[in-house]
Amino acid sequence: MPTSRAGTCNNHGFTLMELVVVIAILALAAALVLPRLTPGDTANLHRAAREFAATLRFIQDRAITAKTAYRMKLVPGESAIAITTILPDGTEGEPDDPILRRRLLPEGISIASTFTPRVGKRAAGEVVVTVGAAGFEEFTVFHLKAEGSDAVMTVMAYPSSGKVKVAEGYREEPL
């Protein structure tokens with residue numbers, strides 16, 4: 001018959017305490033990681049605002065370097081934004097850059113309103129923003145909103161410096 005030596009143990013399992021500690025560590029890790037894996041409405045809104053700001057910077061840089069004016073047409077409450085090139089004769093044409101022809105805002109994100117010092121806040125009707133050969137013609141604020149959420153992101157375009165900034169929440173005044 002097999003016998004055990006003194007001080008050794010023959011059971012090959014885990015204690016209940018060891019199992020509880022491992023499960024607690026796994027639950028803590030899951031609680032920290034899972035919210036970052038599935039983007040919610042707020043995360044999508046933040047990403048859309050950053051991408052929209054980058055596109056506005058691109059339009060402005062393109063207008064300055066190509067000495068070409070662009071016109072953005074949008075309707076608050078909708079996600080569609082049309083960008084056209086202003087031709088020398090004053091008519092509008094299709095932009096030659098494919099980046100300017102793509103969809104600027106993802107599905108579920110829309111422009112809630114715009115603000116310019118000259119016109120004020122516009123939350124309805126068509127809004128036209130001109131980016132001239134020197135960049136944005138006036139300080140312009142875009143308020144982005146996700147469907148089914150109260151969260152708002154603000155994108156501000158500055159004409160004098162050429163900067164485009166993103167801020168959380170609703171703002172009309174320059175940062």
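The values are calculated or read from the model by the stated rules, or taken from the named source; none is laboratory data. Worth saying up front: this structure is predicted, and the values here are computed from it rather than measured. With ideal geometry, Cβ positions are generated from the backbone for all residues, glycine too; neighbour counts draw on all protein chains shown.
Please go through region 77-97 and pick out each residue that is farther than 27 Å from residue 110 by Cβ and aliphatic (A, V, I, L, M).
87
If you scan region 85-119, which residues turn out to be of a type outside the set (A, V, I, L, M) and under 16 Å from residue 157 (Cβ atoms)?
Within region 85-119, 113, 114, 115, 116, 117, 118 meet the criteria.
Identify, please: which residue in region 70-104 is among the aliphatic types (A, V, I, L, M) and touching a helix residue (DSSP H, G or I) at 6+ places or on another chain (Cβ under 6 Å) and is, among those, farthest from residue 129 (Cα to Cα)?
Ranking the qualifying residues of region 70-104, first place goes to 104.
Within region 139-160, can you find the residues that are modelled with pLDDT under 90 and either part of a loop (DSSP other than H, G, I, E, B) or more than 20 Å from the chain's Cα centre (by Cα) (or both)?
Matches in region 139-160: 147, 148, 149, 150, 151, 159, 160.
Scan region 161-173 residue by residue and report those that are over 24 Å from residue 75 (Cβ atoms), surrounded by 14 or more Cβ atoms within 10 Å (Cβ to Cβ) and more than 17 Å from the chain's Cα centre (by Cα).
The answer is 162, and nothing else.
Kindly provide the set of residues from region 120-135 that are farther than 11 Å from residue 60 by Cβ, aliphatic (A, V, I, L, M) and part of a loop (DSSP other than H, G, I, E, B), ordered by number.
If the condition is that a residue be farther than 11 Å from residue 60 by Cβ, aliphatic (A, V, I, L, M) and part of a loop (DSSP other than H, G, I, E, B), then 123, 124 are the ones that fit.
Return yes or no: is residue 100 aliphatic (A, V, I, L, M), part of a loop (DSSP other than H, G, I, E, B) and in contact with a strand residue (DSSP E or B) (Cβ under 9 Å, 6 or more places away or on another chain)?
no
Is at least one residue of region 25-48 more than 33 Å from the chain's Cα centre (by Cα) and modelled with pLDDT of 90 or more?
Yes, region 25-48 contains at least one residue that is more than 33 Å from the chain's Cα centre (by Cα) and modelled with pLDDT of 90 or more.
Could we say that residue 91 is polar (S, T, N, Q), farther than 21 Å from residue 43 by Cβ and in contact with a Gly (Cβ under 8 Å, 6 or more places away or on another chain) here?
Judged against the criteria, residue 91 is not a match.
When you check residue 88 against the structure, is it part of a loop (DSSP other than H, G, I, E, B), free of Cβ contacts under 8 Å to residues at least 40 places away in the same chain and more than 23 Å from residue 140 (Cα to Cα), yes or no?
yes
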